[in-house]
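Have a look at the structure below, then the notes.
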Amino acid sequence: MLPLDEIRTLLSAHDDPDHRERPRDFDADACEHRFALLTAARERRFGPSGSAGLYQDASVYGRFSVADGAGPAGRLWVELSNFGAFVTAGTGGDWTADSAADLSAEFVTWLDGTCTAAGCVFVPLDVLLEPYDGPTPTLVDEDRDFVEMLPALGLDDEGDEGDDMQAVWADRYFDYV
């Protein structure tokens, strides 16, 4: 795996606020090919026990998953971004630190090698959960703007008390736009 500082540099280098969904030089055929290589590797390793799908209106290209019990800690998912051929993985249904912690070292080594062979860069989920400080607006920014506007409209958003609504790198490269 690339050193974490190098991965962070790549994340920053691919950030372009004028291109939120995909980079200016996006190669749809290359991305489709990378996703096919990744899903074929998943099937070789885990058999036909999963599914794969593509996204629309998102900075993430596609996701594949492995059925409960087939992954290192139950339900396993892997996503490919439209940017930088970034790939990340986790378990469960949410983007949390626990999702990353449940990945075995053996699986991460396998995925990193698979990514390298497919021309991708594996980005550990913990790096993607670091605060995003780039120039591109995210859905979190739009949500924060909305919540801040509620008091001016005479509405109070009591349900989100304590939420700091801090965007993370995953919001930039693996989310809807």
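The values are calculated or read from the model by the stated rules, or taken from the named source; none is laboratory data. Only a predicted model underlies this, so the values are computations on that prediction, with no experimental measurement involved. Every residue, glycine among them, receives a Cβ derived from its backbone with ideal geometry; neighbour counts consider all protein chains shown. Ligands, DNA and RNA are stripped out before the accessible areas are found, and what is left, the full protein with its side chains, is counted by its heavy atoms. Shrake-Rupley method; radii C 1.70, N 1.55, O 1.52, S 1.80 Å.
When the range 88-129 is filtered for residues that are in contact with an Asp or Glu (Cβ under 7 Å, 6 or more places away or on another chain) and assigned to a strand (DSSP E or B), the ones remaining, listed by number, are Thr88, Thr91, Phe122.
Tell me yes or no: at least one residue of the range 19-28 is of a type in the set (Phe, Trp, Tyr), out of contact with any Gly (no Cβ under 9 Å at 6 or more places or on another chain) and within 17 Å of Trp169 (Cα to Cα). There is no residue in the range 19-28 that is of a type in the set (Phe, Trp, Tyr), out of contact with any Gly (no Cβ under 9 Å at 6 or more places or on another chain) and within 17 Å of Trp169 (Cα to Cα).
Name the single residue that is most open to solvent (accessible area, probe 1.4 Å) among those in the range 98-135 being of a type in the set (Ser, Thr, Tyr) and at pLDDT below 90. Walk me through how you get there before you give the answer.
The initial filter retains those residues of the range 98-135 that are of a type in the set (Ser, Thr, Tyr), namely 99, 104, 109, 114, 116, 132.
Retained after the next criterion (residues that are at pLDDT below 90): 99, 104.
On the way: Ser99: 6, Ser104: 41 Å².
Checking each candidate, the answer is Ser104.
For the subset of the range 72-89 comprising residues that are under 14 Å from Trp169 (Cβ atoms) and small (Gly, Ala, Ser), which member is surrounded by the fewest Cβ atoms within 10 Å (Cβ to Cβ)? Selected residue: Gly84.
Considering the range 1-39, the residues that are among the basic types (Lys, Arg) and touching a residue at least 12 places away in the same chain (Cβ under 8 Å) include one that is most open to solvent (accessible area, probe 1.4 Å), namely Arg22. Scanning the range 40-51 for residues that are surrounded by fewer than 19 Cβ atoms within 10 Å (Cβ to Cβ) and either modelled with pLDDT of 85 or more or in a helix (DSSP H, G or I) (or both) yields Ala40, Glu43, Arg44, Arg45, Phe46.
Please determine whether any residue of the range 67-80 is in contact with a helix residue (DSSP H, G or I) (Cβ under 9 Å, 6 or more places away or on another chain) and more than 21 Å from Thr109 (Cβ to Cβ). The answer is yes, given that some residue of the range 67-80 is in contact with a helix residue (DSSP H, G or I) (Cβ under 9 Å, 6 or more places away or on another chain) and more than 21 Å from Thr109 (Cβ to Cβ).
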